[in-house]
Amino acid sequence: MPARTTPPIAGRYVLIDQVGSGGMGAVWRARDARTGELVAAKVLGVHDGTMLLRFVREQSVRIRHPHVVAPTGWAAEDHRVVFGMDLVRGGSVEDLLREHATLPPSYVARLLDQLLQALAAVHAAGVVHRDVKPGNLLLEPTGSGPPFLRLGDFGVAVPVEDVRLTRVPGAVGTDGYMAPEQAAGAAPEPRQDLYAAGVVTAQLLTGTSPRTGRAPVVPDGPLRPLVEALTSADADLRPPTAAAALERLRRIDVPLDPAWPVVPDRIGDLPRGSTPRWPDVVIAASLTVIALCVTACWLLLT
């Protein structure tokens, strides 16, 4: 089916086809008119002031790390706001878990290693993610090779020193993955993300979805002591930092499993007719330059 041609949003993002959805809006494959590159574009749905403030916060989280997917740009036009990020084509860990029920321990250890690298970078930037779960752990399409995880969706992330974006005091996150103190409404703190990382690890090993108010079931095996430490109800008994947890993980000998799950390209080829025509690219780029000039002039005059 031919792709429907749409004008760039604010002269920036040309939406091509929807590839996913999240709590704050739809995710599209899009083309950045400034660079000509394919990107993922998150488009907010109906939103109020709080959601818009979360959007502004998310697009400002630009942590450069191989295992983090953070916003690279944004645009707004009329009632729509959108921001762009790298297009990750392999789906999520949630997709993989849905297909395989459980994952091999050595594969899980690789995923946890990369997740802890991502969290170390996020926490070093002074940010708490607050929503670490399989659906927010994206995968590059690596086939049957080693996985390549990227932590995404910073919609409820918060700088540790920033205001809390809640209408009333209460928990922010996903039930089952929140640390006990987080579920009780405590202020954001990096070890809450470590708790969620431990819950996710237990889920990948057992195939059992977490339940609110219950400690995760951790199977016997070389990863068990670390997972139990990460998911301790007492935050002081968890590893102090993601870097410390990563160092501990890398000292664990996890035997290599004979076969790993396949991570395919879940997005596929571009829809027919979506390749941009050069006149369209030139016009879009020109509009972008004009918009930037107008903004610069306005800033100089105010």
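Length gained on full extension, residue 252 to residue 35: 73.8 nm, using 0.36 nm per residue less the C-alpha separation.
Using 0.36 nm per residue, how much length does the chain from residue 124 to residue 270 gain when fully extended, once their Cα-Cα distance is taken away? Before the final figure, lay out each step's value.
Working: separation 146, 0.36 × 146 = 52.56 nm, distance 3.69 nm.
Additional length available on full extension: 48.9 nm.
Pick out, in residue order, every one of the trypsin sites (Lys or Arg not before Pro) in region 42-135 that is DSSP loop and has at most 11 other C-beta atoms within 10 Å; say none if there are none. Walk me through the numbers before you get to the answer.
Numbers: sites: 42, 54, 57, 62, 64, 80, 89, 98, 110, 130; in loops: 62, 64, 89, 130.
Counting only loop positions with at most 11 other Cβ atoms within 10 Å, the trypsin sites (Lys or Arg not before Pro) in region 42-135 are 64.
Between residue 77 and residue 6, the contour length at 0.36 nm per residue exceeds the alpha carbon distance by 24.2 nm.
Taking the Cβ-Cβ separation of residue 106 and residue 214 as r and a Förster radius of 30 Å, what is the calculated FRET efficiency to the nearest 0.05?
Calculated transfer efficiency: 0.65.
Every read-out reported here was derived from the displayed coordinates using simple, explicitly stated rules and does not represent laboratory data. Since the model is a prediction, treat every value here as computed from it, not as a measurement. Methodologically, a virtual Cβ is constructed for each residue, glycine included, from the backbone with ideal geometry; neighbour enumeration extends over all protein chains shown.
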